[in-house]
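Inspection log for the structure reproduced underneath, given as structure tokens.
The values are calculated or read from the model by the stated rules, or taken from the named source; none is laboratory data. As the structure is a prediction and not an experimental result, all values here were calculated from the model. Heads up, the Cβs are rebuilt from the backbone with ideal geometry, glycines too, and the neighbour counts pull from every protein chain shown.
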Amino acid sequence: MLPFTYVHHVRVRYAETDQMGVCWHGNYLLYLEEARGEALRAAGCGSYADIEAAGVMCPIVNVNLTYHLPARYDEDLAIHVTVAEPPRATIRFHYRILNPAGQLVLEGSTDLAFVDKATHRPCRPPQPMRAIFR
């Protein structure tokens, strides 16, 4: 089933912009978190709460972002989330954010580790995630 790709949409809210109507750079991480969570649901992995209930935490261990164009107030952004490799001790999510004109706003990736909730030691991904990304 790899690569897995999911497209999520967010609208830039007024409170997320500066006086010029440009989205503040830190808000993109929130957009990516929302898109990543919805991608996991769409893949059949459940929510982060479901993953945690299975005894696994997923802290972010690496973020790599390149900003190409500013996103602006009230734009509907399309966030393309791709998982190209099966999860092991970590999982890498790749992102491309496009504005309504189809222009590349941001590209990047996040790496999440799998950590046993009880021991705080690295562990394998939960079974539903391993099954989906075979």
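Assess whether Ile91 counts as being surrounded by 15 or more Cβ atoms within 10 Å (Cβ to Cβ), in contact with a Cys (Cβ under 9 Å, 6 or more places away or on another chain) and part of a strand (DSSP E or B). Taking the combined requirement at face value, the residue satisfies it. The residues of segment 107-134 that are closer than 16 Å to Ala39 by Cβ, modelled with pLDDT of 95 or more and of a type outside the set (D, E, K, R), listed by number, are Gly108, Ser109, Thr110, Leu112. Restricting attention to segment 105-117, does a residue exist that is polar (S, T, N, Q) and in contact with a Leu (Cβ under 9 Å, 6 or more places away or on another chain)? Scanning segment 105-117, I find at least one residue that is polar (S, T, N, Q) and in contact with a Leu (Cβ under 9 Å, 6 or more places away or on another chain), so the answer is yes. Given (1) in contact with an Asp or Glu (Cβ under 7 Å, 6 or more places away or on another chain); (2) surrounded by 15 or more Cβ atoms within 10 Å (Cβ to Cβ); (3) at positive phi, where does Gly46 come up short, assuming only one miss? Unmet condition: (1).
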